[in-house]
Each structure stands twice: as C-alpha cells, then as structure tokens.
Amino acid sequence: MSEAYRVAVIGVGHLGRHHARILSSLDGVSLTGVVDVLPDRAAEVAASAGTTAFTESRQVLDRVDAVTVAVPTELHRDIALPFLERGISVMVEKPLARSLAEADELIAAARASGATLGVGHTERYNPAVTAVLPLVTTPRFIEVHRLGVFPERSLDIDVIFDLMIHDLDIILAMVRSDVASIEAVGVPVLTPRYDIANARLRFASGCIANVTASRISRERVRKIRFFQPDSYLSIDYAAQEVEGWRLVRRDGAKPSIQGGPIPVERDEPLRRELRDFVDASRARRSPLVDGGAGRRALELATQIAQKMESV
C-alpha cells in the first residue's frame, strides 16, 4: 500500500482532462500517463499534469494498475475490455456502454479477472446527495429538472444517456423498487438525437418520478425534489445546497412545519469519485457506483428511449 498506485487517463477531452488534474494531485497515486487520439491534446494535458502523453490505449497496458476511460460512449467497450481482462481496474464514464450487451461483457470480464469496475455517475458523490440519502425513506413523488445549454459535445448520444441518466441513477438508489411503468417523450430540436426529454416513472412501491432533461435550455438548472409522508427534501446539485421540511405533530397542539437548510460539507464530486475508485481498486472492493449500478441506470435509460421510439 505504500507504493504509488499507477493510473492512466484514456481520453482527455472536456471531462478527461479533469480526471488527469485530480489524479495527478491525489495522495498515493502516480498518474502514469494520459492517452488521446489527438497528439497535441494529449501533449497539452500531459504537460499540465506532469506526466507522459500517449496516443493509443494499448501503450499503457503494461504500465498501469488502473485506468479511467473518458472517450465517446461507442468506444467504452473496446477500450475498457482489454484492461479488465488483464485484471486492471477500470472506471468508465457514464453511460457504462452503448448497449446492455456490451455492459454485460464489461461486468463479466471484471468478475472473471477480479478487477474493479466503476462507472462515472458523479452525482452520487455530490455532498448534497450524501446529506439527503439517509433522509429519503418512503418517497412518493420525485420531481427532477436537469437543464443545460447546448454543449457541442457528447452529441454521439441523446440527452437521456448524456444528462438524464445521472438522475436515473440517483432515483434508483433512493427508491429501491422495481419500475412498473414508463411514459416518455423526446424531441430532437437541434440534432438528429433527442435534445429534450421527459419521463414519468411509476415504481412498484407506488412512487412516481417525473424527470426532465434538456441540453438546449438558456439557463443551467440541476435540481431534484423528494416528497414523502410528512416531509419534503430539495437538492440543488450545482450549488450543493439542501433544504428539508417536515410536519411535526404534538399531542394536543396544532401541527407545525419545521425545517430549512441542511448543512452540506462542500467538495468536488469528481475528486471524491476518483478517490473512491482508487481506494476500491487497491482493496479489490466495489466502489460506490459499480458495474451493476451502472447497468441498472443504463437499462432504465434504454427502456425510456425505447418507449419514446414506440410513440
């Protein structure tokens, strides 16, 4: 455990360069290299992170204990699989893969080799989510708005797999019940893929979640609200702020509403995610968001997309 854990970042575009920045500063981690098909970009990020640039993932196969993969979704399986088969731990940015069949390949490879497989559902590491998780006990209605401006990136996938999947992962972690029915609509406004989408999910527990995601809004909004008997909880993901209100009943007295802001110890979710991945990899344990969790979010996102296609 005293030796530095060797990690490389594969794909250093918008998100991968943040992986490199953080990993280069984590205690006990040696950023062995960064990989990108664009040599100039690889060299730029490598220079800023104090590491070596590579242009092909196979160049780091014999140099690392773990890798993070932040390439386009269609490449997740092909990039991650050789590492997992060698017993090298991998954290893949969400969505885990472009299909459930490819996700199952990655999960099976990790299980066979004993490698740790993590999935980059960063919101699960948001301190605001951590603060609310133990307070959500019997949710009956969940309202989500995740709105972003047009990104000119991640356009290889639609808004369901790009943005909405974050909240699907959170909802599945909070509700812990099977999905009973789905209503969904999506609109391809600026691209051939869905740029705005809404899904109404009914769970076997009776909970209903209304989830809206857009990448063509004029303002950025990332909020989720939980309504349950006698209480209400609200998370602003971006501000890392939480509010909670509850109905307090006293014998012989009129019920009162109490609550307000809930303390949150702010931190960078991606830093917490990468720290957990490294620690889990070294210990050969599952990270907070493992391959199974990533697959469940992907499955629900796929069902929502299929429901839109059938309308």
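The values are calculated or read from the model by the stated rules, or taken from the named source; none is laboratory data. Because the structure is a prediction, the values reported are computed rather than measured. A quick note on method: Cβ atoms are made from the backbone with ideal geometry, for glycine too, and the neighbour counts reach across all protein chains shown.
This table checks each residue for (1) buried (at least 20 other Cβ atoms within 10 Å of the Cβ); (2) assigned to a loop (DSSP other than H, G, I, E, B); (3) touching a residue at least 12 places away in the same chain (Cβ under 8 Å); (4) not assigned by TED's automatic domain parsing to the domain that holds residue 134.
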residue	(1), (2), (3), (4)
182	no, no, yes, no
191	no, yes, yes, no
194	yes, yes, yes, no
211	yes, no, yes, no
216	no, yes, yes, no
219	no, yes, yes, no
235	yes, no, yes, no
(message) Considering only residues that are β-branched (Val, Ile, Thr) and buried (at least 19 other Cβ atoms within 10 Å of the Cβ), which ones fall in the stretch 1-43?
(response) 7, 9, 10, 12, 22, 29, 32, 34, 35
(request) Among the residues of the stretch 53-83, write down those that are in contact with a Leu (Cβ under 6 Å, 6 or more places away or on another chain) and in a helix (DSSP H, G or I). (result) 80
(request) May I ask you to list the residues in the stretch 170-180 that are within 16 Å of residue 307 (Cβ to Cβ) and in contact (Cβ under 8 Å) with a residue 60 or more places away in the chain? (result) 179
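Could you list all residues from the stretch 215-235 that are small (Gly, Ala, Ser) and modelled with pLDDT of 95 or more?
Restricting attention to the stretch 215-235, the residues satisfying the condition of being small (Gly, Ala, Ser) are 217, 231, 234.
Scanning the stretch 215-235 gives a single hit, 234.
Within the stretch 84-94, how many residues turn out to be in a strand (DSSP E or B) and among the hydrophobic types (A, V, I, L, M, F, W, C)? Steps first, answer last, please.
Kept after step one, since they are in a strand (DSSP E or B), are these residues of the stretch 84-94: 89-93.
From what's left, among the hydrophobic types (A, V, I, L, M, F, W, C): 90-92.
Counting residues in the stretch 84-94 that are in a strand (DSSP E or B) and among the hydrophobic types (A, V, I, L, M, F, W, C) gives 3.
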(message) Return the residues of the stretch 1-23 that are among the hydroxyl-bearing types (Ser, Thr, Tyr) and either touching a helix residue (DSSP H, G or I) at 6+ places or on another chain (Cβ under 7 Å) or not in a loop (DSSP other than H, G, I, E, B) (or both); say none if nothing qualifies.
(response) 5
(request) Among residues belonging to the stretch 281-311 that are hydrophobic (A, V, I, L, M, F, W, C) and over 15 Å from residue 160 (Cβ atoms), point out the one that is surrounded by the most Cβ atoms within 10 Å (Cβ to Cβ). (result) 289
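Give the residue that is farthest from residue 159 (Cα to Cα), with candidates limited to residues of the stretch 270-311 that are assigned to a helix (DSSP H, G or I) and of a type in the set (Val, Ile, Thr).
In the first step, residues of the stretch 270-311 are kept if they are assigned to a helix (DSSP H, G or I); the result is 270-283, 291-310.
So of that shortlist, the ones also of a type in the set (Val, Ile, Thr) come out as 278, 302, 304.
Details: 278: 29, 302: 12, 304: 11 Å.
If we take residues in the stretch 270-311 being assigned to a helix (DSSP H, G or I) and of a type in the set (Val, Ile, Thr), then 278 is farthest from residue 159 (Cα to Cα).
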